Structure formats: structure tokens, C-alpha cells
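The values are calculated or read from the model by the stated rules, or taken from the named source; none is laboratory data. Remember, predicted model here, so these are calculated numbers, not experimental data. Cβ placement follows ideal geometry from the backbone for every residue including glycine, while neighbour counts extend to all protein chains displayed.
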Amino acid sequence: MATKRYRKLVARQCSHDFPSAIDIVEEDIPQPETHQVLIRNRFAGVNAGFDTLLCRGEVPYVNLQPPFDLGVEAVGEVVAMGAGVTRFTVGDAVATTVRGGGYREYQVIDAALAIQIPEAIPEILTLMPTGISALVGLERVGEMGSGETILITAAAGGIGHIAVQLAKLAGNHVIGTCGSEAKGQLLEGLGCDRTINYHQESVHDVLAKEYPEGIDLVFDCVGKQMFDTGIDHLAVGGRFVIVGFISEYGQALEVVSRPRIYEKLFWKAASVRGFLLPHYAEAVPAACDRLLALFQQGAIKVAVDPTDFHGIEAIPTAVNYLLSGQNCGKVVVRF
């Protein structure tokens, strides 16, 4: 291996502003020890919400002290192996979802944590862990059935556009919210039954007029007003799954002074459920296998945002791009 050094992104300090929290550092490329593999990352997925909250020190289940490594999902190739590794050979394409393993040019991990894939392509990053979150969140937490009316917010995003397709494959009527005509066209191409561009239509008014019986399952990544609207339009027995709240990731949480929502839930026997994938680790392997099979069969399509973010130095721009809602599909950084 001619290259001896590599670069990675670290959080030097906790800060409410992502760019001021981070730094690019250069280190010697590590060598794999027993049962480890050295991977050259080719693409990394951007998770702006998690990145921002992590750098603010506001991820409750992670207690990190700066400096710490950033990034999660990546795809690349095995370039070296330690003793005892029999599952891989040099050159194999792999996907990884190890916290701290994404925003870097090389990573060393336990071979058991690497997932062999047919090819190191960015589309895989939409499936793992983003698509896995969509599948587990809908099925395990949302208890998605068939013949239901399902509302998916930020539906043209990385997790949203996979959720739309999974809900359609299960035989449901799917409503997707988005913020541009291009995103609306993407959703229509994926089979979304009703697309609501919230810059042109009121989500509340559309739901009230066209879905008077309410929504059986809300899959929300946005929060704030979208959360309030979803709660107001739940059907009897409806489920609201909180997948995220990207509308508040870049700022302090809004303090709300209004009546509590239990009265709205009680009379409908409805519920609000939080979803965080690390709490469902046992469901991940099967979900991963299903998604890869669906993708290879052409049963689901993967949207990767076409904007070119190249190199470690492009990550802060990619994070801001995603937080601003400009993306159409999964945002990816290329190394």
C-alpha cells in the first residue's frame, strides 16, 4: 500500500454549530490485528441530524467526550486482513455501520461487523442503515398492516423514499409530504398515492378534506408543526411514529405552551411511539437481508442525491445541505 496516511473528521469540542465543532486530522493508516479488516472507504452516508446532535452532546444513549470520530455508514473495499479472518479476501466490497467509521478514508473494524455486498456503490448507503430504519420503524414500531392510510413526512429524503416503497409493497395508501416539485415527481415515480408539497398546499387542509376518517400510521421525521398536524389527524387506533425531528436539529428545542396531547389520543385510542434503531439491534440482520434482496430484485428503487460532495472537507457543506432540506434522496460523500 503506497499511501501511509489518511484523513478523518473528528469532533474537537461540543458546539451547537456543527462546523465549529469539527476538525480534519491526519493519521497513519492503522494495520488490522487478529480478526480485523482494514477497509478503504469509497462512500459515506450523511446523517445531518445525528451528526449535529452528537456534536451538541445531545444524544442521550451516547456519552462521548471530545475528541471523538464522526460518521456512521460507509461502503468500500477490504485492503488488508488480520490473522484469523476467513470471511473476506482483499478486494471484497463491504458495507459498515460503525459509529465513527464513516467520515474517514480508512477504517479498521472487527471482521464480524463488516457486511459483504456485491459492489461498493453509494446506493447501498440508502439501504443500510437508513432503509433498515424505515423497515423496522414501520413494521416493528408502527405495526404497519395492509390496506391502511399512511402519512410519511420528508418522504423524498433518504429514509422517507424507502418508507414510501415499503408501505406500498405492503398494500397501503401512501401520502408523502415534500417541499419541491422535483421531490414530488420523485415520489410519484415511486408510487406515492398523494403527494403534498407543503409550500403549495396546507397539509392540514388536505388531510381534513381528503382523509376525513384520519390517518392510520404517521411516520414523521420532521417534528414541530408537522408533528402537531399528524397528531390532529390520527384515525381511531392510529399510531404516530417519531423517527426524528429535523426541523429542530440545528437549534434549541422550541418551548411550547399549549394543552397536553393526551386528550387528543385518548378518545381515539391512538398512540405516539418513539423509534431509535439501536434499541432494535436484534431486528437489523433480517431487515438488512430483506432490503438487499428487494433491491437486487428491483422491487425497490434507491434515490441518491445527485449533488457531488467530494472528500472529507465537503462533509460540513453536505450536513448543512441536508439540514436545509435541499436533498432529494440520500446525501452521500465520495472519497
### Identity of the residue in segment 264-315, more than 22 Å from Ser133 (Cα to Cα) and among the acidic types (Asp, Glu), that ends up nearest to the chain's Cα centre (by Cα)
Asp308
### Query
What number of residues within segment 155-189 are outside any strand (DSSP E or B) and either in the same structural domain as Asn47 (by TED's automatic domain parsing) or not small (Gly, Ala, Ser) (or both)?
15
#### Entry: Residues (assigned to a loop (DSSP other than H, G, I, E, B) and within 24 Å of Glu26 (Cα to Cα)) located in segment 58-83
Leu64, Gln65, Pro66, Pro67, Leu70, Gly71, Val72, Gly82
### Message
For segment 98-121, give me each residue that is of a type outside the set (Gly, Ala, Ser) and either under 20 Å from His310 (Cα atoms) or not in a strand (DSSP E or B) (or both).
### Response
Val98, Arg99, Tyr103, Arg104, Glu105, Tyr106, Gln107, Leu113, Ile117, Pro118, Glu119, Ile121
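Here is a yes/no grid of residues against (1) at pLDDT below 95; (2) buried (at least 21 other Cβ atoms within 10 Å of the Cβ); (3) out of contact with any Phe, Trp or Tyr (no Cβ under 9 Å at 6 or more places or on another chain); (4) assigned to a helix (DSSP H, G or I):
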| position | (1), (2), (3), (4) |
| --- | --- |
| Asp205 | no, no, yes, yes |
| Lys209 | no, no, yes, yes |
| Leu217 | no, yes, no, no |
| Asp228 | no, no, yes, yes |
| Gly237 | no, no, yes, no |
| Val255 | yes, no, yes, no |
| Pro278 | yes, no, no, yes |
## Note on the structure
Counting only residues in segment 11-30 that are under 30 Å from Thr89 (Cβ atoms) and modelled with pLDDT of 95 or more, the one farthest from the chain's Cα centre (by Cα) is identified as Asp28
### Task
Collect the residues in segment 179-203 that are crowded, with 19+ Cβ neighbours inside 10 Å and basic (Lys, Arg), keeping them in residue-number order.
Lys183
### Query
Hey, Val255 hits all of (1) closer than 26 Å to Ile132 by Cα; (2) without any contact (Cβ under 8 Å) to a residue 60 or more places away in the chain but one; which does it fall short on?
(1)
### Every residue from segment 5-33 that is touching a residue at least 12 places away in the same chain (Cβ under 8 Å), farther than 20 Å from Gly101 by Cβ and not polar (S, T, N, Q)
Cys14, His16, Pro19
